[in-house]
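Everything on this sheet refers to the single structure shown next.
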Amino acid sequence: QVQLVESGGGLVQAGGSLRLSCATSRRTFSSYAVGWFRQAPEKEREFVAAITWSSGTAYYAESVKGRFTISRDNAKNTAYLQMNSLKPDDTAVYYCAAGARPTVSKNAYDYWGQGTQVTVSS
């Protein structure tokens, strides 16, 4: 079992930045790919970004490409999502997930955090 805990969400003005963290106490975290997803009210949970276990390759949704950066520090059992140039449309609960592969499909991830709220005001 891998328990994930997100942090770093909050209220920010459009154009601002936030960095989300996803931490676990499990050293096996380094063997998992990590994905970030988000869910706005009354919308489906959608893929944001994913990264391989080795940080070799990152993947992004078109809507965040060039603004968001996913990274991880396996020595700290932590993954990050740096979010720049935030827009009101980025407002959502953000979830991190761990799984075997960095896929866009939420069903492929085995473990999920509880989510952190990000609100971007215009």
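Details
- First in region 21-42 and among the small types (Gly, Ala, Ser), second anywhere and open to solvent by less than 20 Å² (accessible area, probe 1.4 Å) and in a helix (DSSP H, G or I), Cβ under 7 Å, 6 or more apart: none
- Residue match in region 1-15 (condition: assigned to a strand (DSSP E or B), of a type in the set (S, T, N, Q) and in contact (Cβ under 8 Å) with a residue 12 or more places away in the chain): yes
- Unmet requirement for Ala92, which otherwise passes all of (1) over 13 Å from the mean Cα position of the chain (by Cα); (2) among the small types (Gly, Ala, Ser); (3) over 22 Å from Ser30 (Cβ atoms): (1)
- The set of residues in region 18-32 that are open to solvent by 60 Å² or more (accessible area, probe 1.4 Å) and modelled with pLDDT of 95 or more contains only Arg19.
- Screening region 7-16 for residues that are in contact with a strand residue (DSSP E or B) (Cβ under 6 Å, 6 or more places away or on another chain) and open to solvent by 40 Å² or more (accessible area, probe 1.4 Å) and picking the one that is nearest to Val48 (Cα to Cα) gives Ser7.
- Long-range neighbours under 8 Å by Cβ, at least six apart or interchain, first residue closer than 18 Å to Gln114 by Cβ within region 83-100, second of a type in the set (Lys, Arg) and open to solvent by less than 30 Å² (accessible area, probe 1.4 Å): Ala92/Arg38; Val93/Arg38; Tyr94/Arg38; Tyr95/Arg38
The values are calculated or read from the model by the stated rules, or taken from the named source; none is laboratory data. All of these numbers come straight from a predicted model, not from anything done at the bench. FYI the Cβ positions are ideal-geometry reconstructions off the backbone, even for glycines, and counts take in every protein chain you see. Remember, those area values only see protein heavy atoms, side chains included, never the ligands or the DNA or RNA. Shrake-Rupley method; radii C 1.70, N 1.55, O 1.52, S 1.80 Å.
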